[in-house]
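Reading through the structure tokens given below for one structure.
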Amino acid sequence: MQSSITVRVPAKVNAQLAVGGRRSDGYHGVASVFFSVGLYDEVTVTPADRLRITVAGTDAAFVPTDPSNLAARAALLLGARYGIEPNVHLHIDKGIPVAGGMAGGSADGAAALVGCDALWGTGADRSVLLELAAELGSDVPFSLTGGVALGEGRGERLTPVPTAGSFHWVFATAEGGLSTPAVYGECDRLRELTGGSSDTEVPVPATDPALLEALRTGDPGALGAALRNDLQAAALSLRPALADTLRAGTDAGAIGALVSGSGPTCAFVAKDAAAAAALAAALTASGTCRTARPAEGPVPGAVLVRRPLVPAPNGPVSRAD
């Protein structure tokens, strides 16, 4: 009997995203505090006669099903490392906003690495998976680890951040997405307009100690006050209506607000679960966003939720959990 593997992987929000100048490799140096939250994609990996991608769920029509999909690229990369033909069907069930600045594509890449590793029995250790994840993209390593971490370099070098308890967020999604390269390009353009034309003149990105202290002590008010995103001005320039969403959330009682990553999802901190539910309802009613969803975090990174079917000792097939 054929087996399948399902991996659940969370979204992320950048509680802080400090963006430095463009490097010689074309990437921007960053200091990003990644925070994993309970909005999930699930990727199911099943043996097949060729590599195939299908997608269901929120905004599935906007997810590529060709080799450019990060899940497909992950299967190809892991297969090449271990000499395995990546003949698998990767089915992605989307719960993370597409092109919303919450690393949905990166999450799928991380999930495919974990799922294919389990299905093929390659036994790749965490260091190998993290190395392959960094080849796939800057956010993919964090999608593997989850929790809260400081990402440096282009975001792939991770250091765990001590965090007390859980925090409550609300994520307001917009119609359509924003291209991450376009947002970085707009960030560069806006800096040039203010005289920062040379990348050498952009300060080296650094983490705000106040944000780290808020996470360490579990203080949602301090976290909300310390939120920062250097790409926010660029996202607002490309999508001015996001300012209305941010204002609506603040007016409805959010204790912190920012555009998530490259946008266009807006993220809000609430003081507790009840406040998050009320804030989500108020944002939905405001008409300034498509949907508003509460989520708690931090949560673990990519995890197996279904293991292969294996023969039981007496013959019947059972699930190895």
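For the range 116-150, what are the residues that are hydroxyl-bearing (Ser, Thr, Tyr) and in a helix (DSSP H, G or I)?
Ser127, Ser143, Thr145, listed by residue number.
Out of curiosity, is Leu90 assigned to a strand (DSSP E or B) and more than 24 Å from Asp219 (Cα to Cα)?
Against the criterion (assigned to a strand (DSSP E or B) and more than 24 Å from Asp219 (Cα to Cα)), Leu90 qualifies.
Out of (1) modelled with pLDDT under 95; (2) more than 30 Å from Pro294 (Cβ to Cβ); (3) touching a strand residue (DSSP E or B) at 6+ places or on another chain (Cβ under 7 Å), the odd one out for Pro67 is which?
Result: Pro67 passes all but (3).
Check whether at least one residue in the range 142-151 is free of Cβ contacts under 8 Å to residues at least 24 places away in the same chain and at negative phi, and report yes or no.
No.
Select from the range 116-172 the residues that are among the acidic types (Asp, Glu) and out of contact with any Gly (no Cβ under 7 Å at 6 or more places or on another chain) and list them in ascending order.
Those that are among the acidic types (Asp, Glu) and out of contact with any Gly (no Cβ under 7 Å at 6 or more places or on another chain): Asp117, Asp125, Glu131, Glu135, Glu152, Glu156.
If you go through the range 17-36 one residue at a time, do you hit one that is out of contact with any Lys or Arg (no Cβ under 9 Å at 6 or more places or on another chain), among the hydrophobic types (A, V, I, L, M, F, W, C) and farther than 22 Å from Cys266 by Cβ?
no
I'd like to know if the range 43-65 contains one or more residues that are in contact with a Phe, Trp or Tyr (Cβ under 8 Å, 6 or more places away or on another chain) and in contact (Cβ under 8 Å) with a residue 24 or more places away in the chain.
no
Go through (1) surrounded by 16 or more Cβ atoms within 10 Å (Cβ to Cβ); (2) over 29 Å from Leu258 (Cβ atoms); (3) more than 19 Å from the chain's Cα centre (by Cα) for Gly20 and report which single condition fails.
(2)
Run down Gly224, Gly249, Gly263 and say which single residue is in contact (Cβ under 8 Å) with a residue 40 or more places away in the chain and not in a helix (DSSP H, G or I).
Matching residue, one of Gly224, Gly249, Gly263: Gly263.
If a residue has to be without any contact (Cβ under 8 Å) to a residue 24 or more places away in the chain and among the basic types (Lys, Arg) to count, how many in the range 152-188 make the cut?
1
The values are calculated or read from the model by the stated rules, or taken from the named source; none is laboratory data. All values derive from a computational prediction rather than experimental measurement. Positions of Cβ are generated from backbone atoms using ideal geometry, with glycine treated the same way; all protein chains shown enter the neighbour counts.
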